1. Under a Cβ-Cβ cut-off of 9 Å, what is the net charge of the residues other than LEU127 that fall near it, where Lys and Arg count +1 and Asp and Glu count -1?
2. Greater than 18 Å separation of Cα atoms is the criterion. Which listed pairs, LYS59/LYS117; LYS11/LYS117; LYS77/LYS117; LYS11/LYS77, meet it?
Amino acid sequence: MARILALDYGKVRTGIAVTDELQLIASGLTTVETKELLPFLEGYVEKENVERFVIGLPKQMDNTPSESESLIQVFLKELSKKFPEIPVERQDERFTSKMAFQSMLESGMKKKKRQNKATVDQISATLILQAYLNRI
């Protein structure tokens with residue numbers, strides 16, 4: 001089997017998570033600057049077999065798209081041009097940042113590390129991927 005790669009897409013940074021090859025466990029991979037995201041994904045896909053991308057779907061509480069969705073739509077077009085053979089799925093990402101911060105607190109992570117937004121983004125991507133795995 002191949003890996004599933006999830007993105008918590010952001011204007012500045014994007015958190016990335018990936019499954020194991022059996023698609024059982026979601027693990028944080030890294031956080032990259034969004035302007036470097038496509039080159040990073042190219043390199044990753046060259047080395048690893050990726051079955052699909054899962055991109056967070058940001059929604060407001062009333063179920064309407066959040067303002068960052070327009071940025072994601074532009075990225076999705078670029079992604080599908082670059083990797084036409086890899087399907088893209090969306091996963092609701094409401095509360096993932098809050099859940100990520102809470103999990104860092106509960107794990108006893110030091111305050112300085114909790115303030116690192118890249119860590120929050122990576123954990124958020126992992127939560128998005130785990131939610132996707134739970135859904136399929």
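Each value in this text was obtained by applying a stated rule to the coordinates, not by laboratory testing. A quick note: this is a predicted structure, and the numbers were derived from the prediction, not measured. In this analysis, Cβ positions are derived from the backbone assuming ideal geometry, glycine residues included, and neighbour counts consider all displayed protein chains.
1. Numbers: positive: none; negative: ASP8, GLU93.
With Lys, Arg at +1 and Asp, Glu at -1, the net is -2.
2. Numbers: LYS59/LYS117 20 Å; LYS11/LYS117 13 Å; LYS77/LYS117 26 Å; LYS11/LYS77 16 Å.
Check vs 18 Å cut-off fails for LYS59/LYS117; LYS77/LYS117.
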